[in-house]
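Asks: My structure is below; once you've seen it, I'll send some questions.
The values are calculated or read from the model by the stated rules, or taken from the named source; none is laboratory data. All values derive from a computational prediction rather than experimental measurement. Because the Cβ atoms are built from the backbone with ideal geometry, glycine has one as well, and the counts that use them run over all protein chains shown. All accessible areas refer to the heavy atoms of the entire protein, side chains included, with ligands and DNA or RNA removed. Shrake-Rupley method; radii C 1.70, N 1.55, O 1.52, S 1.80 Å.
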Amino acid sequence: MKIPKKINQKQLENFFIKIGLENFVKLNARNSKNYVDRRRQNLPQPPDLKDLYNLYQFIVLNKRTTVLEFGCGYSSLIMHLALKENERRLGSSKPFERCQYPYYLFSIDNQKKYMRAAKKRILEYSNKKPKINFFFSRAKMTMFNNNFAVEFDKLPRVNPDFIYLDGPSAFGVHGNINNFTTDFPDYMPMSCDIIKFENFLVPGTIIVSDGRAANSIFLKNNFKREWKFIRDFRNDQCYFYLNEKPLGIHNKKQLEFYNSK
């Protein structure tokens, strides 16, 4: 797994200008001085340039082809652009046999207003029919291994090689168990969906969790397979890499694709 290198603020801003997202730089500058906790407000968070840069670079550096995003937003656009860049550099045909959705983004959310905003944003910046499947699902309280957690009612039918965990929000979750719910200001998100389909993920899969340290530790403690885990305190992100031997010839060729020059 290749981790994006650190760059300074000027380089960061130049990067977004280069890929046509100068407006992100302006939005970030406008909001950074007056930051407030917007978790319960109707307005989305302003774009976090460092987080978005990291996402773009993770996808490009590691030649990712199929992305599953939990929680849409500015990240939906940046990952869509990264996948388009990979398609441009690596070719539009199937990069390996078991890749049903080459250079495709699946984004699941339980908040329709954020999904509408993400769709509108992508249409503004993408001049072709985007390879994106927006997937709405209710999120609800559940029990996982005797722990309180949150799950989506339904999931997209896709086996991604890159997963971005930034949803669902701790708020707006349906139901409670023993009067417990994450819909409380002092609690944090605790998604368990990835654990449930862990056995279907192939070696080489990458997970990036954004600002969800407690949720990431929950995943780490419940995963059963050989994951390399890195906690990036500076960027408030956690990274997982499924570091196992190939499952067979198809997965071996997939890993060779990722590692080719």
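Yes/no matrix, rows are residues, columns are (1) more than 18 Å from the chain's Cα centre (by Cα); (2) open to solvent by less than 60 Å² (accessible area, probe 1.4 Å); (3) modelled with pLDDT of 95 or more:
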| residue | (1), (2), (3) |
| --- | --- |
| LYS113 | yes, no, no |
| LYS120 | yes, no, no |
| ASN127 | yes, no, no |
| ILE163 | no, yes, yes |
| PRO185 | yes, no, no |
| LYS196 | no, no, yes |
| THR205 | no, yes, yes |
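Asks: Does the stretch 215-231 include one or more residues that are of a type in the set (A, V, I, L, M, F, W, C), under 23 Å from CYS99 (Cα atoms), open to solvent by 20 Å² or more (accessible area, probe 1.4 Å) and assigned to a strand (DSSP E or B)?
Replies: Going through the stretch 215-231, the residues of a type in the set (A, V, I, L, M, F, W, C) turn out to be 217-219, 223, 227, 229-230.
Retained after the next criterion (residues that are under 23 Å from CYS99 (Cα atoms)): 227.
Within this subset, residues satisfying the condition of being open to solvent by 20 Å² or more (accessible area, probe 1.4 Å) are 227.
Checking which are assigned to a strand (DSSP E or B) leaves us with 227.
Scanning the stretch 215-231 turns up at least one residue that is of a type in the set (A, V, I, L, M, F, W, C), under 23 Å from CYS99 (Cα atoms), open to solvent by 20 Å² or more (accessible area, probe 1.4 Å) and assigned to a strand (DSSP E or B).
Asks: Then there is this: Since THR66 meets every condition but one in (1) of a type in the set (Val, Ile, Thr); (2) at pLDDT 85 or above; (3) surrounded by fewer than 21 Cβ atoms within 10 Å (Cβ to Cβ), which condition does it not meet?
Replies: Of the numbered conditions (1) of a type in the set (Val, Ile, Thr); (2) at pLDDT 85 or above; (3) surrounded by fewer than 21 Cβ atoms within 10 Å (Cβ to Cβ), the odd one out for THR66 is (3).
Asks: Let me ask something additional. Report yes if some residue within the stretch 142-151 is open to solvent by less than 10 Å² (accessible area, probe 1.4 Å), closer than 26 Å to ALA214 by Cα and not aliphatic (A, V, I, L, M); otherwise report no.
Replies: The initial filter retains those residues of the stretch 142-151 that are open to solvent by less than 10 Å² (accessible area, probe 1.4 Å), namely 149-150.
After this cut, where a residue has to be closer than 26 Å to ALA214 by Cα as well, the list is 149-150.
If we keep only those that are not aliphatic (A, V, I, L, M) too, we end up with none.
No, because not a single residue in the stretch 142-151 is open to solvent by less than 10 Å² (accessible area, probe 1.4 Å), closer than 26 Å to ALA214 by Cα and not aliphatic (A, V, I, L, M).
Asks: Consider ALA170 against the criteria (1) small (Gly, Ala, Ser); (2) within 27 Å of LEU81 (Cα to Cα); (3) modelled with pLDDT under 95: it satisfies all of them except one. Which criterion is unmet?
Replies: Unmet for ALA170, out of (1) small (Gly, Ala, Ser); (2) within 27 Å of LEU81 (Cα to Cα); (3) modelled with pLDDT under 95: (2).
Asks: Kindly indicate whether any position in the stretch 87-107 is out of contact with any Lys or Arg (no Cβ under 9 Å at 6 or more places or on another chain), surrounded by 16 or more Cβ atoms within 10 Å (Cβ to Cβ) and assigned to a loop (DSSP other than H, G, I, E, B).
Replies: Yes, some residue in the stretch 87-107 is out of contact with any Lys or Arg (no Cβ under 9 Å at 6 or more places or on another chain), surrounded by 16 or more Cβ atoms within 10 Å (Cβ to Cβ) and assigned to a loop (DSSP other than H, G, I, E, B).
Asks: In addition: Here are ASN133, ASN159: which of them is open to solvent by 40 Å² or more (accessible area, probe 1.4 Å) and more than 24 Å from GLN237 (Cα to Cα)?
Replies: Values: ASN159 fails: more than 24 Å from GLN237 (Cα to Cα).
Exactly one of ASN133, ASN159 is open to solvent by 40 Å² or more (accessible area, probe 1.4 Å) and more than 24 Å from GLN237 (Cα to Cα), namely ASN133.
Asks: May I ask you to list the residues in the stretch 232-261 that are part of a helix (DSSP H, G or I) and charged (D, E, K, R)?
Replies: First, the residues of the stretch 232-261 that are part of a helix (DSSP H, G or I): 249-259.
Of everything in the stretch 232-261, those that are part of a helix (DSSP H, G or I) and charged (D, E, K, R) turn out to be LYS252, LYS253, GLU256.
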